[in-house]
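Have a look at the structure below, then the notes.
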Amino acid sequence: MTDTSAMTGSVATDVPHVRTERRRGGTLRILAGMLLATTAAVAAGGLAWATMQGMPEAPRWAVAAGGILAFAGAGALFGWTAGLLHFGPENRHRAFLDAFSEALEEACLITDRRGRPLYANSAYRDLIARAGRSRLVGLDNLYAGFPEPAQQIYRLSLKARDGESGEAEFHLEAGQNAPGAREDGHAWIRIRTSPMRLEGQDLTLWRISDVTGERARQDRAFVNLQHIIDYLDNMPAGLFSTLPDGRITYLNATLGEWLGLDLERIMSQSLTLNDVLPEEIAAQLAAIAPEPGVRRVETFHADLRSTSGETIPVRIIHRVDHDAAGHPRPSRTLVLDMRGTRLDAERQAHKLARFVNSAPVGIAMADAEGRLTMLNAALAQITSEAHLGDSISRIVAQTDRDRLMRLFRSVASGERLQAQGDFNIESGSETRAQITIAATETDQDGVRALTLYVIDTTLQQGLMQQLEQGQKMQAVGKLVSGIAHDFNNMLTAILGFSDMLLQKHRPEDPSFEQIMNIKQNANRAAAMVRQLLAFSRKQTLQPRVISLTDLLSDMIAMLRRSMGEKIELTLEHGRDLWPVFADPSQIDRVIMNLAVNARDAMPRGGKLTVRTANVPAEEAARIAPDIMPDMDYVLIEVADTGEGIPPELLDKIYDPFFTTKTVGKGTGLGLSTVYGIVKQTGGYIFCDSKPGEGTAFRIYLPRHVETESEKAKRLEARQAESEGREDLTGSGRILLVEDEDAVRAFAVHALKARGYDVIEASSGEIALDTMEEMLEDGENVDLIVSDVVMPGMDGPTMLRELRKMGVSAPVVFMSGHAEDAFAESLEEDVEFTFLAKPFNLKQIAETVKRAMPS
């Protein structure tokens, strides 16, 4: 009997889901056939049994008929059992499958999910027949013993089990005698798998193709492409191509050799023209924009620079256009080496072009209609909106275009030889420029060619604004400084005597609350004076080495109370934050002022984030290279999600008395105070704001490299603060020099009350006379406490005279001005303690206690 696996259609009959008898309408016919075969077999068997039992001899025709029926019935049962005989009509699905698979040029095989073959077309049967196989086998069996195909087929089998499609190609080498190999002994075979589902069973379709011819065509195309690339790479001219956004898609070896570039490295990266060409050349190329339906070819001269510093004069021919769909194509640019040219005219033209391109001002030429016919690299950098063929009006902002065209027409008509004006430039940032228009030549028809000279004045005008702002701040500073001394003296007396009165009254006394109101209002007045001095950068600072992490941790509770319930406050500490040298109380004020402003900008609630971080010098160099020196900084950022600041107000936010709040809700000194404190501390402050998105203030304070002694003092001070109140009483003789009677009276009383012996003097001259008499009597003082600014002899001058007399006692200087305002008038290495006015009873007692020698 013939193996059914090799028969036409190659159906594996042991898989019931693909048997041809499986058809819904043939069930009754199948049962009838089975019943007929069974009946015949039983009848024949019964006749034979009756004969053997000695029953009357049956007619011969009946015996013959019974034998025939018995043979037919037994054969039908055997055929049905083995699947060789089918009852019912042929399955039309099978006929369709055969016709479809035979129409394909590919060899096709259907397997179940486990890889068992179920069906194959004639192309696949030919493949297995050439391999010497007589029955239907799967590809894994067919290519067993061939490592590369077997490995690929195994990988596809795994994907097929997961219900995924797959594809693989492998090469059959000569001498392998592998299935599918050609007569010359080699072939390229492609196998594709696709999942199928038939009558509830998951199957896989395998398609096997001979792609040797296709691979041969690909190899020939690749060889031809290599020849073309080799030709372009080694032609005696530079070539490159860029996308509209400036990214380089091709750069030939000749140009790479001229520039000293490693092509393998640079082409593996996403590079732009600015990465390989001088910035001015890249900007000039970017200014040549294509127009739909127009092919533009521009030629100009330029100087390229190699990585070794060599200048290479070149002529650049740049072509840009659009494809049929209107999309810009990649540019095609030819670069001709002009070194060693012998044409004098060519050299002169190149020198002139180099002169124009290297000019530090923008230069453009235009025809009488105002269309740009040439522009140099500097102008392309100033504005990216103007291109060759455009109107010159595109150089300036929309609001200035009519004015520019009026000036241009006045020169083009011959009314004027040249015209000049200041304009806002159309660019991505706020740019101002001075534009001069001049007639340069006239042709035979009297048509003029005009030249535009564009000088960027943005920096110049910015410096002028800074100078004006500085002069305004200086004027306010002088005014504030002039009155601060007198105000602080008065406030010192008010605060001091208020403290004395409060010590004599109990909280339940009727006058206690009134005295407290006097002190509170005096403190408010003192804060106002400090704000004015902070703005003019002449306030009294008491800097020390501080940790911003500790400072913010201490004030976070106060910040939360000030923000209220609607504001979500987040504090983000930087890791291992560097110390800074600053006045902690003033840094508190800076952060509080910024936080309060942020709160007021979020009336409906929002998020406030206070963040700190270390900023290394290399990172700081990228923040504001024209303002901040390259050094380590510590960042304090206060960012909100509030209403933001309009762009037109950003330049005014640090002005004194400038505020956008309603009357009575702001003094206008908050940000000016912040600015002054930051600047006086040696730091920098920047503001980024977008209306509707929020505002972020970033403060950069210089990193302080803390010495071991400074660290020890900082830890001791923090420990003392945690331990509570210290004893402020003491003993010793003090020379107190103060020209203001009220301040002197308060200071004398405060120090005597703490146990000191006080000798007072109302001027520097009186203090010298007093000390001279004491020295003659063999007496001296333990400490000198003196005002700085006094009529006649000031404090520093008095100290120099006392040192000449042999008085070596330490000194405490009192002043309402900044410490560094008078430190320059002292001799070098002069040590002193500073007490800022206005001060209260506790502050003078603490200062004297620390300064008094033990």
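Numerical summary
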item	result
Equivalent ellipsoid dimensions for the stretch 155-242 as semi-axes, Å, which come from the Cα gyration tensor, largest first	39, 21, 9
Estimated inter-spin distance, residue 729 and residue 140, nm [label 7 Å along Cα→Cβ]	10.0 nm
Simple spin-label estimate for residue 607 and residue 630 in nanometres, 7 Å along Cα-Cβ	3.6 nm
Theoretical gain in end-to-end length, residue 116 to residue 565 [0.36 nm per residue, Cα-Cα removed]	154.5 nm
At most 15 other Cβ within 10 Å, DSSP loop - GluC sites (Glu not before Pro), the stretch 197-269	199
Distance between the stretch 412-428 and the stretch 393-410 - C-alpha centres, whole angstrom	7 Å
Theoretical FRET efficiency, 1/(1+(r/R0)^6), r = Cβ-Cβ of residue 95 and residue 274, R0 56 Å, to 0.05	0.25
Fully extended contour minus Cα-Cα distance, from residue 306 to residue 471, at 0.36 nm per residue	54.7 nm
Nearest-10 value in Å² for the accessible area of residue 487, using the 1.4 Å probe	90 Å²
Förster radius 45 Å - calculated FRET efficiency between residue 249 and residue 679 (Cβ-Cβ, nearest 0.05)	0.35
Segment residue 741-residue 833, extension gain: residue separation times 0.36 nm, minus the distance between their alpha carbons	30.9 nm
Karplus-derived HN-Hα couplings along the stretch 404-412 (A = 6.51, B = -1.76, C = 1.60, θ = phi - 60°), whole Hz, x at Gly and Pro	5, 5, 5, 5, 4, 5, 5, 7, 5
Rough spin-label spacing in nm, given labels placed 7 Å along Cα→Cβ, for residue 339 and residue 158	5.6 nm
Rounded to the nearest 20 debye, dipole of the stretch 263-318 from Cβ charges on Lys, Arg, Asp, Glu	180 debye
Two-site FRET efficiency, residue 405 against residue 225, from Cβ-Cβ distance with R₀ of 60 Å, rounded to 0.05	0.70
Rounded accessible area of residue 687 (nearest 10 Å², 1.4 Å probe)	30 Å²
Protection-proxy order for peptides 217-225, 161-169, 629-637, each taking the mean of Cβ atoms within 10 Å per residue, highest first	629-637, 161-169, 217-225
Per-residue SASA entry for residue 707, accessible area with 1.4 Å probe, Å² rounded to 10	70 Å²
Out-of-range pairs (alpha-carbon distance over 26 Å; input 713/837; 504/842; 519/607)	519/607
Taking the convex hull of Cα positions in the stretch 257-325, its mean projected area over all directions (nm²)	5.7 nm²
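The values are calculated or read from the model by the stated rules, or taken from the named source; none is laboratory data. Keep in mind that what you see is a predicted model, and the values were worked out from it rather than measured. Neighbour counts run over all protein chains shown; Cβ positions are idealised from the backbone, glycine included. Areas reflect the complete protein model, heavy atoms only, side chains present, ligands, DNA and RNA absent. Shrake-Rupley method; radii C 1.70, N 1.55, O 1.52, S 1.80 Å.
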